[in-house]
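Working notes, structure below.
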Amino acid sequence: IGYNIYIDNALGGELTLLKHLAANDIATDETNESVVFSLSPLEAEKHYRLRVTAVTPAAESNSGIFEVETCRIPSTPEIIGLPTATAVWIQWDLPHGATTFCNPMGYQVIAELLYPPPGWDEFEGPNGTNMTLNESFEMWTNTSEMLGTLNLGYDMGGLIPLATYRFKVRSHIASGTRDSAWSTGLAAGSPSQMRPPKHDLDYSSVSSIYLSWKEPNMNYGTVEGYQLFRDDGTGTEMRTQPEGSCIAAVEPTCTRQPCEFKSVQQVPHAAGCSVSGLKTDTFYRFRVRAINQYGFGPVSEAVEVPIGTVPAVKPPWLASAVFENCSTTWRWYPAVENGRIAHSYELKLQSLTPPTTTTTTITTTSTTTTEVNATADGEPTHYVILGEAEAVYPEVVWALDGNNSKPFVAMEVTLNENSWSEFIPGGRYRAQVRAKSDIGLSDWSEWSSLTVPTAGYCLSKPSVVTRLRRDTAQLVRAGRVMLAWDPVTSLEQAGGDDPEKLGVIYDIWGKPTPEFGNTSWRSMLQIATHQVDPLGVGPPVPVPAAVMIDTYPETAVTAFWAFKIRVKNRNEAYSDFGEEVLLSTGQLASVPRSLSVYFATSGRIELSWKIPEANGYTPIIGYQARCGGGQWEEVPNTRLTHELEENPPSGLALCEVRAVNNVGPGPSATTAIDVL
């Protein structure tokens, strides 16, 4: 008439009735021979005991107890591209919170081909044979060999370029297997199709069109350049050769003319170009595609762009600065022209140095006054204007004149304290620009940004941070690296910036070594050099020049990591990176065992010991021994005995031996001997 399901509390307690199933409420499997019932919700990572009994009008059966574990499935794998179109790196995480009976004993990666490449006909298989679609499907359903528990990644090779696969990870545990969810990805090396290029009005002119684009998905390849195609006007065919006038600066950081220009096919960072020599009153169609080491991506859909635009000027920016004599270089983009050459420019500079008082009264040419409220950092926030007023903060305008036959084309100017008395080292400034043609002057641009790419300060690049090292004053733990370095405390180190203004930042970078998958240098942590006084009574105080970096579970505790550090100031100016350090992520070896000490036949002290129980997850590279607090003597890792070069003075001497691994010297084993 039904079934009773009993279960314990996963702690070894008594079995209690969980569920009664009426005979007509059960579900069976496809053979109609077994009852199927799902128990939920249960706790993960638990060991349960269950019993199922059959109930009749006369009695209840006495069935046996069976056991199950509720182990988690592996994490959904991540598909990471490799420098090939026929393999990908499959990566997954350790099961979260696994208990002893749920710990994996190994892994397998399973790949299944979902969709063939676009335009599939046949694929060249092993030994030059051509495989049909059905043969390839049959061949490319693949299961890896058994992988060890420390393997959290697998190179799945033999893939068909541009084909779509799905991958899952199977973990083997004591009670069976657990399969992760599927991850689907494309095995491809060439770039994805780009979006149509964008017509950038700000940089176009009456005879040229500026087109910009964004880097597409490179399918784990490295961009090498781009190709732009166009037609010859309305009703014409698209050219088969890329546009030759589409060029870009080879060095994106080029700040002084002349810069070297090359075709965008050879400029990986190119994000656009100007197409010149076009006819007026004409529409042109454009397409773009990207190039990486695996080949050419498909061309984008066409965009139709007309010649002509409206006048406009983009804001300038502070390209570089030097603290000494407050030398600043300001740059801007060429003005957008509307049928006339923009041959001259004017640059307006404004000092943002705070007034001496928060409220200032200024007499103007009309003898009226202006009251100004200003914030502490120099940003004007409120004006009360009683008449025509002069600028609250000092301003000056430079005229950069040219003419139609010889226009001003540098698009930059360098100024210092000799150019304007308001230029003060450490001061803050912003700028506007406007263009002049035979038609007239454009409006002033927006003010230069105070956040990017620089913050407008007269500050140099900070000095290199020195002596990045392992912090030996801290407890060493496997999978965790303690770093320390020489602190930045002075204006000179911070490029003229005052660290107590809380704008000087340490930037710590790291990467596993050797690299695997898509690992590379990345910023691990940013911390300020100073912080507000915790007591709130004094100036900002230095932050300890030390930090803890967790490397586990990203990498095993046997791994090595490289680290480097730089510093930036309030001008968003970064120092160069200091010297890199390569550190083991293991821990110190344990104490050598069974240390004994005695006098050798030579009369000198000899020590012997056994290998430590734990090497700290990294090989022991040697030992150090001494007696009586003298100098440590080096011992090769192949020897477990050592005769001291010289005995300590007479008396009771403490003798020590410690193991050295890639992390450093471990704790000492000690014993004593009476020296006569």
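Let's test the formula: R0 of 56 Å, r as the Cβ-Cβ distance of V303 and E634. What FRET efficiency results, to the nearest 0.05?
About 0.20, to the nearest 0.05.
For K279, go through the lysines and keep the ones whose alpha-carbon is under 30 Å away, minus same-chain ones fewer than eight residues off.
The reachable lysines, counting only those whose Cα sits under 30 Å from K279, are K198, K214, K262, K314, K406, K436.
Measure off 7 Å from each Cα along the Cα-to-Cβ vector at L654 and V250, then give the distance between these two points in nanometres to one decimal.
Inter-label distance under the simple model: 6.5 nm.
Positive end of the dipole of the range 470-567, charges at C-beta (+1 Lys, Arg; -1 Asp, Glu), about the Cα centre: which of S523, P539, L502 has its Cα farthest in that direction?
After comparing all options, I get S523.
Please give the Cα centre distance for the range 480-520 versus the range 211-239, rounded to the nearest Å.
Here the two parts' Cα centres lie 39 Å apart.
For the range 198-326, what's the relative contact order in percent, using C-alpha pairs closer than 8 Å and at least 6 residues apart?
33 percent
Determine how large the accessible area of S463 is when every protein chain is in place; take a 1.4 Å probe and give Å² rounded to the nearest 10.
50 Å²
M548 to W521: extension gain in nm, 0.36 nm per residue of separation minus the Cα-Cα distance?
Working it through step by step, the gained length comes to 8.0 nm.
Just need the relative contact order of the range 436-590 here, percent rounded to a whole number, with Cα pairs under 8 Å and 6+ apart.
31 percent
List the relative contact order of the chain as a percent without decimals, with contacts defined as Cα pairs under 8 Å and 6+ residues apart.
Taking the mean separation of contacting Cα pairs over the length of the chain, I get 7 percent.
So what's the back-of-envelope 222 nm ellipticity for the chain, counting only DSSP H runs of four-plus at -39500 (n - 2.57) apiece and dividing by all residues, rounded to 500?
-500 deg cm²/dmol
May I ask for the net charge around V476, where only other residues with Cβ less than 15 Å from the Cβ of V476 are counted and Lys, Arg are +1 while Asp, Glu are -1?
Neighbour charge sum, excluding V476 itself: +3.
Quote to one decimal, in nm, the extra length available between L11 and C259 on full extension: 0.36 nm per residue of separation minus the C-alpha distance between them.
Stretched fully, the L11-C259 segment lengthens by 81.9 nm.
Give me the number: length gained by fully extending E145 to E645, i.e. 0.36 nm times residue separation minus the C-alpha to C-alpha distance, one decimal in nm.
Between E145 and E645, full extension yields an extra 174.6 nm.
What ranking do 405-414, 611-620, 472-481, 60-69 get when scored by the average of other Cβ atoms within 10 Å per residue, highest first?
Averaged packing, sorted descending, gives the order 611-620, 472-481, 405-414, 60-69.
Which value in nm describes the separation of the simple spin-label points at I424 and L114, placed 7 Å from the Cα toward the beta carbon?
6.3 nm
Check each of the trypsin sites (Lys or Arg not before Pro) in the range 158-249 and keep only those in coil by DSSP with at most 15 other C-beta atoms within 10 angstrom; list them in order.
K214, R239
Going by the alpha-carbon gyration tensor, a ≥ b ≥ c the square roots of its eigenvalues, is the chain rounded (a/c under 1.5) or, if a/c is not under 1.5, prolate (a/b greater than b/c) versus oblate?
Oblate.
Show me, for the range 500-515, the HN-Hα J-couplings you get by feeding each phi into the Karplus relation (A = 6.51, B = -1.76, C = 1.60, θ = phi - 60°), rounded to Hz, glycine and proline as x.
6, 7, 6, x, 9, 10, 7, 10, 9, 10, x, 6, x, 9, x, 6
The values are calculated or read from the model by the stated rules, or taken from the named source; none is laboratory data. Remember, predicted model here, so these are calculated numbers, not experimental data. Cβ coordinates were reconstructed from backbone atoms using ideal geometry, including for glycine residues, and neighbour counts include every protein chain displayed. In case anyone asks, the SASA skips ligands and DNA or RNA and just uses the protein heavy atoms, side chains included. Shrake-Rupley method; radii C 1.70, N 1.55, O 1.52, S 1.80 Å.
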